[in-house]
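The values are calculated or read from the model by the stated rules, or taken from the named source; none is laboratory data. All of these numbers come straight from a predicted model, not from anything done at the bench. Glycine gets a Cβ as well: all are built from the backbone with ideal geometry, and neighbour counts include every protein chain shown.
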Amino acid sequence: MTRHFSSRPLLQRTLLATAMLAALNSAYAQQAQDTTTVARASDNAPATVVVLGSRSTAKTALDTASPVGLINIKDMQTAGPLELGKLLQTLDPSFNFSTTFISDGTDIIRPATLRGLGPDQLLVLVNGKRRHQQALVNVQQTIGRGSAGTDINAIPMSAIHHIEVLRDGAAAQYGSDAIAGVINIVLKSQTNETQLSSSIGTTSEGDGDLISGSANTGLALGDGGFLNLSVEGRRREETNRAGVDTLRVDPPRVTQRIGDSLAKDAYLWWNAAVPMDKDSELYAFGGVSKRTGDSAGFFRSKGDGRTVPAVYPNGYLPNIMTTVKDASFAVGYRRDLANAWNFDISLNHGRSELGFHERNSINVSYWYEPKPGGGIYAESPLEADTGTLKFNQTTFNADLRGPIDLGGRKISLATGFEYRKDNYEIVAGDPVSYQYGRTNNPAIKIFDQNGGIAASGAQGFPGYTPGTEVDEGRHNTALYIDAEHNLTDKLLVAAAMRYEKYSDFGNTTTGKLSMRYDPSRTLGIRGSVSTGFRAPSVQQKFYSSVSTNLNSAGVLTETLTAREGSAVTRAFGISPLKEETSKSASIGMVLRPMTNFSVTADLYRIDIDDRIVFSSNIAPETGACLTAAACPIKAILDPLKVGQAQFFTNAIDTTTDGFDLVAEHTTKWPGSTLVLSGQLGFNKTEVKSRNSQSPVLTGTQLFDDAQVTLIERGQPRQHHVVAADYTTGPWNVNTRASYFGEVQGQGFTAPFIQTWEAKWLVDMSVRYAFTKRISLSVGANNLFDTYPTEWDKVKAFPFPQLGFTHCWETCPIGINGRQMYARVDWAF
């Protein structure tokens, strides 16, 4: 049953507070800054304050009540990665961006996570406004399996001024998805120059060639307004680290593509504001992007029933082409009111679309289908569109904030309303991509080259069918109120409460309490406790598909992903999805013994109940089945003509414990500066219990040990970054060493658990400024050409023999080895 909470008292208090706050009308200067104001005030220099985590005045990252990391424009310039996801992983140890391959759409939209949790437990904001999620549901055996997070790489780095990372539970402040934390991306708003950047790069293996170019410019609009534009393009060639296939071909040769896919990316983003009068402005921001990927599936050998020797005498490697289109547009109006109050109203729309196209493929059932009059058709298209996923989100916000005076005590208050509508759509592919023969009639016996029943649909990635098409949505409304107050000059306390009501499963109320105590100028103590929630996404509620996966015997098998309320989930007794709920707590210390040295340390714990996961592959029993009761799974799946099934369900409870330590020391000499920094991240997630609503499936069957391993050990439990940045005259040298703890997986080798050992990666860059506006940078990521541990050649059979050399289901450091680059930056 979905939890329901009494909302009447909260609604009454929130509406009363809103009315009282709107009635205040004395004139004071504005004190609370929004994200756009902060960016405009410091666009020509690195950001020094953050607005994330509080709706009161902006603070430095060391003065906040919750741990907030700040990534400046200088940090982004000295780091090597050009993808936002990889950049965040390089600069913030709490962030993980695992490399994927042979994972269908996940090869181009890779999972982004925070503090060891799932991609959909991280909320992303742009200029303080909610960013929409991706259309793709990660259903392959990768990090974030079963989730639909935010496509972090849809945002170009050339448009970003700085990034704020809140490492604290914040659902009561910002809404669903903020269990792990929040990332706020603040866009540029400069108007005084045009910035051009161009990069080239390659790997030490001579592949993965990269070329990138970007331009950012700004225009002044009226008296104090601006329009900032960013254009960016990038092409990355594929990498391949596959070994020789000794099992499927003779003589042995490389049959797989294992590495980064070929990718082409193009972006156009903008950020703008126009003053309406001295107290108000109209603002707008957003962007469009288009990214294409060229990746591979699993090799089909010439003796496999899923190939046709007359077309592919030596077997073939299916080619999966993906096209990601992303667009967002936000428009709003903010106004300074009396008594230092301000009002902000906005409308934000975002859309994510992922299209699939299969090449170098075949529909075996088309080829071998009996032809009227005798013989077979002996023909089939070798490529086809296999379907499209679409997600769109529209969010309306009305926010009011400012100070009130209660008995001589100044309290900063904020309250607001949010309406959000989500919609999810699956569009079927071409008929050849999913049909069984031209009539799609299962009663017709079509036999493959080995005498078995011919496979239906395109090989590699079968198309979405009319039966899996969907166009469904939901909406929700939210009310929030939060307050901050300095009880003394040394003690700050804050509280937040949020009520949300969803059209499809009910309502929920969450709260947060936090404090900051500074007994001296050199020491600060901070802490928080909060409850949180994450609503099941519309992708999880409405997604369904038929895909080709490996079963426990290593055989390619058609697998049905069944949506909520389908015949399969009803037959197994799986209840409709309900919200995840969480409790989190943190306590930390800020130490500033000197003006040029700071240390922060934070402990945290996050408990999540009813966590929504993607089930294990539910396969029928093997062996003799004398009665239906002896093989209950087979008795359910066989009549539905399903080889094996998967579905989303609230199946586990987890606990995450962590510790973050951050230190920075700056030394300045005449003409030179040395910054030494260290960030140590420790994180451990454990599955407390596995729960099953099904009378047929146990918790262990529903979420097997391989999936527990992926949750608990798929992401590094330690991720540390230590760096030295030295500037003297026109020279800048940056060296960064990143430690990634060991990870494990058994999704393809159960019961054997493959361990990929902990590794250090070193990045280095050298930059020379010919003038204040022209500079050249050269660098290397993974300077010492470090690779993950190789697969165990005996216990991980048959994957090493198929050409898998290093990792697969979890790859935090990737498998490309050393990557070298050169970049020119020019401003005028």
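Does region 649-658 include one or more residues that are over 30 Å from Ser520 (Cα atoms), in contact (Cβ under 8 Å) with a residue 24 or more places away in the chain and either in contact with a Cys (Cβ under 8 Å, 6 or more places away or on another chain) or not in a strand (DSSP E or B) (or both)?
No, every residue in region 649-658 fails to be over 30 Å from Ser520 (Cα atoms), in contact (Cβ under 8 Å) with a residue 24 or more places away in the chain and either in contact with a Cys (Cβ under 8 Å, 6 or more places away or on another chain) or not in a strand (DSSP E or B) (or both).
One line per residue, one yes/no per condition, for (1) over 17 Å from Asp610 (Cβ atoms); (2) surrounded by fewer than 17 Cβ atoms within 10 Å (Cβ to Cβ):
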position: Asn650; (1), (2): no, no
position: Asp653; (1), (2): no, no
position: Thr656; (1), (2): no, no
position: Gly671; (1), (2): yes, yes
position: Leu674; (1), (2): yes, yes
position: Glu686; (1), (2): no, yes
position: Phe703; (1), (2): no, no
position: Ile711; (1), (2): no, no
position: Gln715; (1), (2): yes, no
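Scanning region 358-381 turns up no residue that is among the hydroxyl-bearing types (Ser, Thr, Tyr), under 33 Å from the mean Cα position of the chain (by Cα) and assigned to a strand (DSSP E or B). A Cβ distance below 7 Å, combined with a sequence gap of six or more or placement on separate chains, defines the contacts here; from region 566-588, residues that are on the phi > 0 side of the Ramachandran plot reach residues that are surrounded by fewer than 21 Cβ atoms within 10 Å (Cβ to Cβ) and of a type outside the set (Ser, Thr, Tyr) in the pairs Gly573/Gln693; Gly573/Pro695; Gly573/Val696. Residues in region 688-701 that are among the polar types (S, T, N, Q) and crowded, with 19+ Cβ neighbours inside 10 Å were compared, and the one that is farthest from Thr656 (Cα to Cα) is Ser694. State yes or no: is Trp808 touching a residue at least 60 places away in the same chain (Cβ under 8 Å), buried (at least 19 other Cβ atoms within 10 Å of the Cβ), among the hydrophobic types (A, V, I, L, M, F, W, C) and closer than 27 Å to Phe95 by Cα? Spelling it out, Trp808 is indeed touching a residue at least 60 places away in the same chain (Cβ under 8 Å), buried (at least 19 other Cβ atoms within 10 Å of the Cβ), among the hydrophobic types (A, V, I, L, M, F, W, C) and closer than 27 Å to Phe95 by Cα. Against the definition (out of contact with any Asp or Glu (no Cβ under 9 Å at 6 or more places or on another chain), assigned to a strand (DSSP E or B) and either surrounded by fewer than 20 Cβ atoms within 10 Å (Cβ to Cβ) or of a type in the set (S, T, N, Q) (or both)), how does Gln646 come out, yes or no? Criteria met by Gln646. Cβ separations smaller than 7 Å between residues 6+ apart or across chains give the following pairs from region 97-114 residues that are of a type in the set (A, V, I, L, M) to residues that are part of a helix (DSSP H, G or I): Ala112/Gly85; Ala112/Pro119; Ala112/Ile152.
The rows are residues; the columns are (1) free of Cβ contacts under 8 Å to residues at least 24 places away in the same chain; (2) outside any strand (DSSP E or B); (3) within 30 Å of Trp826 (Cα to Cα); (4) not charged (D, E, K, R).
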residue	(1), (2), (3), (4)
Leu776	no, no, yes, yes
Ala780	no, no, yes, yes
Glu790	yes, yes, no, no
Lys795	no, yes, no, no
Ile813	no, yes, no, yes
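In this structure, is Ser295 surrounded by 16 or more Cβ atoms within 10 Å (Cβ to Cβ), under 31 Å from the mean Cα position of the chain (by Cα) and more than 27 Å from Gly224 (Cα to Cα)? The answer is yes for Ser295. For region 694-711, filtered to residues that are within 22 Å of Phe752 (Cα to Cα) and not in a helix (DSSP H, G or I), the residue that is nearest to the chain's Cα centre (by Cα) is Phe703. Glu742 satisfies every condition listed in (1) out of contact with any Asp or Glu (no Cβ under 6 Å at 6 or more places or on another chain); (2) under 22 Å from Thr113 (Cα atoms); (3) surrounded by fewer than 18 Cβ atoms within 10 Å (Cβ to Cβ) except (1).
Could you identify the single residue in Leu84, Leu88 that is within 27 Å of Ala663 (Cβ to Cβ), surrounded by fewer than 24 Cβ atoms within 10 Å (Cβ to Cβ) and in contact (Cβ under 8 Å) with a residue 60 or more places away in the chain?
Leu84
Residue-by-condition table, conditions (1) under 30 Å from Gly116 (Cα atoms); (2) at pLDDT 95 or above; (3) surrounded by fewer than 16 Cβ atoms within 10 Å (Cβ to Cβ):
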site: Asp177; (1), (2), (3): yes, no, no
site: Gly181; (1), (2), (3): yes, yes, no
site: Thr217; (1), (2), (3): no, yes, no
site: Asp223; (1), (2), (3): no, no, yes
site: Phe226; (1), (2), (3): no, yes, no
site: Thr239; (1), (2), (3): yes, yes, no
site: Thr255; (1), (2), (3): no, yes, no
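Scanning region 596-629 for residues that are closer than 25 Å to Thr649 by Cα, outside any strand (DSSP E or B) and touching a residue at least 40 places away in the same chain (Cβ under 8 Å) yields a count of 4. Residues considered: Gln133, Gln173, Gln195. Of these, the only one that is in contact (Cβ under 8 Å) with a residue 60 or more places away in the chain and assigned to a helix (DSSP H, G or I) is Gln173. On the stretch given as region 474-500, residues that are surrounded by 18 or more Cβ atoms within 10 Å (Cβ to Cβ) and closer than 24 Å to Glu564 by Cα total 3. For region 659-693, the set of residues classified as among the small types (Gly, Ala, Ser) and in a strand (DSSP E or B) consists of Ala663, Ser672, Ser677, Gly678, Gly681, Ser689, listed by residue number. Answer with yes or no whether Thr395 is touching a residue at least 60 places away in the same chain (Cβ under 8 Å), crowded, with 20+ Cβ neighbours inside 10 Å and touching a helix residue (DSSP H, G or I) at 6+ places or on another chain (Cβ under 6 Å). Answer is no for this residue. Assessment of region 621-643 against the conditions (surrounded by 16 or more Cβ atoms within 10 Å (Cβ to Cβ) and either acidic (Asp, Glu) or closer than 30 Å to Met515 by Cα (or both)) yields no matching residue. Among the candidates Leu70, Leu88, the residue that is within 28 Å of Glu353 (Cα to Cα) and either modelled with pLDDT of 90 or more or not in a strand (DSSP E or B) (or both) is uniquely Leu88.
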